[in-house]
Amino acid sequence: MRTAYSVETVRTAERAAMARLPEGALMQRAAAGLAAACAELLGRAPGRVYGSRVVLLVGSGDNGGDALYAGARLARRGAGVTAVLLAPERAHAGGLAALRRAGGSTADAGAGTALIERADLVVDGIVGIGGKGGLRQEAVPLAEAARRARAAVVAVDLPSGVDADTGEVRGAAVRADLTVTFGAHKPGLLIDPAREYAGSVRLVDIGLELPEVPALEALQHAEVARLLPVPGAESDKYRRGVVGIAAGSARYPGAAVLAVSGALRGGAGAVRYVGPAGDAVVARFPETLVSDQGPKRAGRVQAWVVGPGAGDDAATVAEVVAAQVPVLIDADGLRLAEPGAVRARTAPTLMTPHAGEAAALLGVSREEVEGARLAAVRELAGRFGAAVLLKGSTTLVAGAGSGADSGAVRVNGTGTGWLATAGSGDVLSGLAGSLLAAGLSAVDAGSVGAYLHGLAGRFAARGAPIGAHDIALAVPEVWRDVRDR
């Protein structure tokens, strides 16, 4: 499990570590890890470390100190290191002295652009994890020069200009090829838009003691494998779970077909379909149990999926929301479900909006949701008393409730841009709904569904365009890959 912790939690852990360690030990550990990562990156370049030109962008905080001490280590290995000081009077004194003793030099910000243009490596130590908002004006030309230059860019702890806690980028920021972060991942390193700025991320263990519950967590293969439903010797189709799909309309029959396709591959023993697209569903998937009597008369189910392609069928949505089994609400269902009825539910609920749907539910612009994804998913989970899966370039899953009571938000690390295709979300809804029916909690069903769906997109695409049906077809291969690792 990859975990991320808030700035406040990391700061508290750092203070506790500093209290039990010799003075400066924590910074030296960070600098050693940073220097090693920089040396490895330089080692892949033609010039290697000796003779390489390294430019440090140094602000006034501890990140600047980390960069200076790491620069001193590189200078002792023969690199030509120059520290560009954005606030010379407030640069870390110990780090600055160490760099100079090792043969490094300093320059003011005005000389930074020319130095960066000739550099092999640029180390971003401008702003630490406590920074808010974009870069200050004097740092913007340096960030732009680093983006244009041929040099590799390494960020210290996180790229300057991004918000460590939220992943927001409000203004100019450094774009890194590699971010070396210390002690713990920060949420902004795992969430877009900040994740785009971080490049590859390397975690350096500096000996922090962190709490059990993080702010953010990302499932890996091992955790997903443990959560996948596996039938036993005594299982039958009903014991494995039955998922009901209330989806599709005369205008959008394909949404029903795609939701069923995902559900059939999600671990439940049977799929019941209710809606006007029954003929299309049976023609494609004859194993589906089809009813035209509405959700209440469809037969027993362990979970419902409602909304994909539903058009304006508010009555069916209301009937499913009133059911006393887990319910996944997607697409048109998010628009048609009465908020009070969703909040009043006692069985688990999983809502699966994309950014546009989330914006409509929150009464804000889509851009606001995309710029502050973590805040949006938490706000929705608190407002509706439901688990929420916010789809997007980084899919987030928040538990029902708000604040610490809802537990860690999960971020999905799988996926590909090729998943941005019509009907992809319908497949995800069916897949996650089937996992709900098989007995997973709302958060686990959403997290595992997103993980499998993302991998299926990768497996199906392999660098080429795909349709939503291709994603569903790839789920069994992904399932085996996760189980067999």
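The values are calculated or read from the model by the stated rules, or taken from the named source; none is laboratory data. None of the values given here were measured: they were computed from a predicted structure. Cβ coordinates were reconstructed from backbone atoms using ideal geometry, including for glycine residues, and neighbour counts include every protein chain displayed. Protein only, heavy atoms only, side chains kept; ligands, DNA and RNA dropped before computing areas. Shrake-Rupley method; radii C 1.70, N 1.55, O 1.52, S 1.80 Å.
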Completion exercise
All conditions in (1) at pLDDT 95 or above; (2) within 24 Å of Ala4 (Cα to Cα) are true of Gly171 except (1)
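Matching residues to (1) open to solvent by 20 Å² or more (accessible area, probe 1.4 Å); (2) modelled with pLDDT of 95 or more; (3) closer than 17 Å to Ala97 by Cα:
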position	(1), (2), (3)
Cys38	no, yes, no
Arg44	yes, no, no
Val49	no, no, no
Arg53	yes, yes, no
Ser60	yes, no, yes
Ala70	no, yes, yes
Arg76	yes, yes, yes
Gly80	yes, yes, yes
Practice task
List the number of the failed condition for Arg15; all other conditions in (1) open to solvent by 20 Å² or more (accessible area, probe 1.4 Å); (2) touching a residue at least 40 places away in the same chain (Cβ under 8 Å); (3) among the charged types (D, E, K, R) hold.
Solution key: (2)
Practice task
Within the stretch 401-422, identify whether any single residue is in contact with a His (Cβ under 8 Å, 6 or more places away or on another chain) and more than 24 Å from Thr3 (Cβ to Cβ), and answer yes or no.
Solution key: yes
Completion exercise
When (1) under 20 Å from Leu396 (Cα atoms); (2) among the hydroxyl-bearing types (Ser, Thr, Tyr); (3) open to solvent by 10 Å² or more (accessible area, probe 1.4 Å) are applied to Thr352, the one that fails is (3)
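Considering only the stretch 120-138, state which residues are more than 26 Å from the chain's Cα centre (by Cα) and surrounded by fewer than 24 Cβ atoms within 10 Å (Cβ to Cβ). Step through it out loud before you land on a result.
As a first pass, look at the stretch 120-138 and keep what is more than 26 Å from the chain's Cα centre (by Cα): 120-122, 136-138.
Of everything in the stretch 120-138, those that are more than 26 Å from the chain's Cα centre (by Cα) and surrounded by fewer than 24 Cβ atoms within 10 Å (Cβ to Cβ) turn out to be Asp120, Arg136, Gln137, Glu138.
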Problem - Of all residues in the stretch 441-456 being of a type in the set (A, V, I, L, M, F, W, C) and open to solvent by less than 20 Å² (accessible area, probe 1.4 Å), the one that is nearest to Met1 (Cα to Cα) - result: Val448
Completion exercise
Of the residues in the stretch 165-211, those that are crowded, with 18+ Cβ neighbours inside 10 Å, of a type in the set (Lys, Arg) and outside any loop (DSSP other than H, G, I, E, B) come to Arg195
Handout entry: Whichever residue in the stretch 144-164 is touching a residue at least 60 places away in the same chain (Cβ under 8 Å) and either touching a Pro at 6+ places or on another chain (Cβ under 6 Å) or open to solvent by less than 20 Å² (accessible area, probe 1.4 Å) (or both) and, among such residues, is farthest from Ala119 (Cα to Cα)
Key = Ala164
Completion exercise
Condition set among the aliphatic types (A, V, I, L, M) and not in a helix (DSSP H, G or I), scope the stretch 356-380, selection modelled with the lowest pLDDT: answer is Ala372
Practice task
Could you check, for the stretch 472-481, whether at least one of its residues is assigned to a helix (DSSP H, G or I), in contact with a Gly (Cβ under 7 Å, 6 or more places away or on another chain) and either β-branched (Val, Ile, Thr) or open to solvent by 20 Å² or more (accessible area, probe 1.4 Å) (or both)?
Solution key: no
Exercise for the section: Tally the residues that are in contact with a Gly (Cβ under 9 Å, 6 or more places away or on another chain) and assigned to a loop (DSSP other than H, G, I, E, B), restricting the search to the stretch 1-47. Expected result: 3
Practice task
Report those strands (runs of 3 or more DSSP E) wholly inside the stretch 215-295 carrying at least 2 residues which are at negative phi, at pLDDT 95 or above and open to solvent by less than 30 Å² (accessible area, probe 1.4 Å).
Solution key: 216-218, 242-246, 270-274
Practice task
Considering only the stretch 235-258, state which residues are of a type outside the set (A, V, I, L, M) and without any contact (Cβ under 8 Å) to a residue 60 or more places away in the chain.
Solution key: Ser235, Asp236, Lys237, Arg239, Tyr252, Pro253
Fill in the blank from the handout: When (1) within 29 Å of Ala25 (Cα to Cα); (2) crowded, with 21+ Cβ neighbours inside 10 Å are applied to Gly112, the one that fails is (1)
Practice task
Residue by residue through the stretch 274-306, note down the ones that are under 16 Å from Gly430 (Cα atoms) and polar (S, T, N, Q).
Solution key: Thr288, Gln302
Problem - Matching residues in the stretch 265-285 - criterion: being more than 22 Å from Arg297 (Cβ to Cβ) and in contact (Cβ under 8 Å) with a residue 60 or more places away in the chain - result: Arg265, Gly266, Gly267
Completion exercise
Among residues of the stretch 211-234 being touching a residue at least 40 places away in the same chain (Cβ under 8 Å) and of a type outside the set (A, V, I, L, M, F, W, C), the residue nearest to Tyr5 (Cα to Cα) is Pro214
Handout entry: Failed item in (1) over 19 Å from Val243 (Cβ atoms); (2) among the β-branched types (Val, Ile, Thr); (3) within 14 Å of the chain's Cα centre (by Cα), with Val364 passing the rest
Key = (3)
Practice task
Kindly establish whether Gly401 is at pLDDT below 95, touching a helix residue (DSSP H, G or I) at 6+ places or on another chain (Cβ under 9 Å) and either open to solvent by 10 Å² or more (accessible area, probe 1.4 Å) or not in a loop (DSSP other than H, G, I, E, B) (or both).
Solution key: yes
Fill in the blank from the handout: Across the stretch 296-314, the tally of residues that are touching a helix residue (DSSP H, G or I) at 6+ places or on another chain (Cβ under 9 Å) and either of a type outside the set (A, V, I, L, M) or surrounded by fewer than 16 Cβ atoms within 10 Å (Cβ to Cβ) (or both) stands at 10
Handout entry: Selection status of Leu455, over 26 Å from Tyr238 (Cα atoms) and either among the small types (Gly, Ala, Ser) or in a helix (DSSP H, G or I) (or both)
Key = yes
Exercise for the section: For Val305, state whether it is closer than 29 Å to Tyr252 by Cα, of a type in the set (A, V, I, L, M, F, W, C) and more than 15 Å from the chain's Cα centre (by Cα). Expected result: yes
